[in-house]
Amino acid sequence: MGSVVIPIPDGDQGFTPDLKREKKFQVSLSPVISFVQKNRDTVRKAIHAIKVGIALVLVSLVYFVDTLYEEVGDGNAMWAIMTVVVIFEFHAGATLSKGLSRGIGTILGGGLGYLAAVLGQQVGGIGNPFVVGVSVFIFGGAATYARLNPNIKKRYDYGVMIFILTFSLVSVSGLREENVIEIARERLVMIVLGFAICICTSLFVFPMWASDELHDSMVSTFEGLASSIEGCVEEYFRLVNEKENQSVQPTASFRDCISVLNSKAKNESLVYFAKWEPWHGRFGLSHPWEKYQKIGEVLRELAAIILSLKGSLNSPEEPLQALRESIKEPCEAAGSSLAWTLRELGESIMKMRRCQPGAFIVPKLKLVRQELSQVMCPFKLGKLDNAEGFAVASFVFTLMGVVEKLEDLSKEVEELGELAGFLQG
């Protein structure tokens, strides 16, 4: 029998023209994807700017369409545009929170302002401006005093400010206008229109969720602190090995620790905005966002302890060669274990699964504590003078402080998994 040779296409020769075009199109997207990944914050800001532009165009239809403009009038149509400008925020939860605060402040201020205007008109004569003036003084002053309360200022400052503005405008308008209720109704309709456009644009056009940002930033914090611990321990023994070189300076980065210490205000804002956001993705309406805030507090305390290791790196007192060799192995092993624990906890939050700290993490931390305690036995310290003993004790005791704080952190993460219903690991 004769043999038959079947030609096998080489490279792109076997692809049809349509497949070739599809392949080229996929390759052409790689630079775009790479750019988006490297400039994620810039892209998100650009998307937000586009969303605000879309909302402004939609709300401007009140001016563009003659029928709508004649219905609401020039003086009332601008309130819809003003609403979009002042309440559209970067995160969807922030927009929803600010919009509802504006709505409640407008309704309360408009209602009380209308009552004050009607009361002034009933009195009539010179008593009309007197009643309105006294009402503005009392309600405006009381609301301003309430704004000075830290709790109110932190959560409801914008709503109280809108209440003062609306109450003053509506009540004072009653001095010159007879149909105050009609003016208030038309303005309220325009505010509701602006609010609806903001909410629809914010929630349905590439939404920016505060909950996602809080979740991702929390995970990156664990990784950053783990890298800081590893770098610090490695740097400590590198400096000791090169002590004969007087020009050697510490190069360990504590940038992540400093960033964590300065993250309190941002995390509190994200937690507050996340509570306002509707159900989406992995996060339900009853997700325990307060626990994220508690974990953030523990992480800031941990960052402060890690940052205190910088004093050991900059210490002028250097331990003896024999002492350095005796503590190097257990300290490096402890640093690796602590970094592993942080990454394991961070991965648990990222994947939303339970890591069972009681079964794996806590026993490992106890073992690290025992090893560090053996390093600090009195027999070793008794052979050292005061300066060298203090330099070693400071570094090792700081590592033990990290162990204690990680035990607290593992408990908080375990509670978060129980409250949020994380899956079993």
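The values are calculated or read from the model by the stated rules, or taken from the named source; none is laboratory data. Just so it is clear, the structure is predicted and the values come from calculations on it, not from any experiment. Here Cβ is always computed from backbone atoms with ideal geometry, including for glycine, and neighbour counts include all displayed protein chains. Remember, those area values only see protein heavy atoms, side chains included, never the ligands or the DNA or RNA. Shrake-Rupley method; radii C 1.70, N 1.55, O 1.52, S 1.80 Å.
Quick notes on this structure:
- Shape class for the stretch 89-235, computed from the alpha carbon gyration tensor (a ≥ b ≥ c): oblate, with a/c not under 1.5 and a/b at or below b/c.
- Put a dot 7 Å past the Cα of S220, heading toward its Cβ, do the same for E329, and the two dots end up 4.0 nm apart.
- FRET efficiency, Q122 to D41 (Cβ-Cβ, R0 45 Å, nearest 0.05): 0.20
- Scoring 361-373, 197-209 by mean Cβ neighbours within 10 Å over their residues and listing the highest first yields 197-209, 361-373.
- The label point for L68 and the one for S259, both projected 7 Å from the Cα toward the Cβ, are 4.3 nm apart.
- Accessible-area composition of the stretch 85-205, carbon plus sulfur, in percent [1.4 Å probe]: 71
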